[in-house]
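Q: My structure is below; once you've seen it, I'll send some questions.
The values are calculated or read from the model by the stated rules, or taken from the named source; none is laboratory data. The model shown is predicted, which means the values in this text are computed figures rather than measured ones. Backbone-built Cβ (ideal geometry, glycine too); neighbour counts: all protein chains shown.
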Amino acid sequence: MNAVTDQDVPRRVHMSLRVNGEDVEVSFAPYKTLLEVLREDLGLTGTKHGCELGECGACAVLVDGAPLLSCLTLALECEGRSIETIEGLARGTELHPLQAAFADLGGSQCGYCTPGAVMTAKALLDHEPDPSPQRIKEAMSGSLCRCTGYNQIVESVQQAARCINENRVKP
């Protein structure tokens, strides 16, 4: 049996990631999670450290369009994949409809869970443009919030869906 030695494990990994539509080069320790690389190495601090056990959803980002808990994902697993964080939603000074609705309707109280909740909601609306309140609750069930009581989150997602659907180009 061969033992793994310190010489066998690289101290730093160099790779290219596609984050918020841009290719970025990053160098990091191979044990780092996607959450750590986003926050510490790329300076994208919108994604939050929550429980770091995959139970709260505060660290959710989109990877290839699907919500993923960045605290449970090694950054190494994301090479060649598209990563979208809360920083990638707004277009200049114009908020994404989800960001605007969360702000307008109180979907974010203290705001700590908001980035993960918004990203999870974006994945839902990208695949289901007009979800029912029950479907929103199901999709958002992994995003825990201690402040809002959840009704404002559901209302925010519904309002964003209406806004997005009104602005879609009709055939």
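Q: Looking only at the stretch 70-83, decide whether some residue is buried (at least 22 other Cβ atoms within 10 Å of the Cβ), in the same structural domain as Glu25 (by TED's automatic domain parsing) and of a type in the set (Gly, Ala, Ser).
A: Yes, the stretch 70-83 has at least one match.
Q: Looking for whichever is polar (S, T, N, Q), under 18 Å from Gly57 (Cβ atoms) and not assigned by TED's automatic domain parsing to the domain that holds Gly50 here; the options are Gln109, Gln134. Which one fits? Walk me through how you get there before you give the answer.
A: Details: Gln134 fails: under 18 Å from Gly57 (Cβ atoms).
Matching residue, one of Gln109, Gln134: Gln109.
Q: Now for a different question. Of all residues in the stretch 58-69, which are part of a loop (DSSP other than H, G, I, E, B) and either surrounded by fewer than 22 Cβ atoms within 10 Å (Cβ to Cβ) or not assigned by TED's automatic domain parsing to the domain that holds Thr45 (or both)? Please lay out each step first, then the result.
A: Restricting attention to the stretch 58-69, the residues satisfying the condition of being part of a loop (DSSP other than H, G, I, E, B) are 58-59, 64-65.
Correct list: Asp64, Gly65.
Q: Could I ask something else about it? For the stretch 53-65, state whether one or more residues are touching a Pro at 6+ places or on another chain (Cβ under 6 Å) and touching a residue at least 60 places away in the same chain (Cβ under 8 Å). Quick ask: steps written out before the conclusion?
A: Here is the first cut: in the stretch 53-65, the ones touching a Pro at 6+ places or on another chain (Cβ under 6 Å) are 60.
In the following step, the residues that additionally are touching a residue at least 60 places away in the same chain (Cβ under 8 Å) were identified as 60.
Yes: the stretch 53-65 contains one or more residues that are touching a Pro at 6+ places or on another chain (Cβ under 6 Å) and touching a residue at least 60 places away in the same chain (Cβ under 8 Å).
Q: Taking the condition under 14 Å from the mean Cα position of the chain (by Cα) and not basic (Lys, Arg), does Gly57 pass?
A: Numbers: under 14 Å from the mean Cα position of the chain (by Cα): yes; not basic (Lys, Arg): yes.
Yes; evaluated as a whole, the condition is true for this residue.
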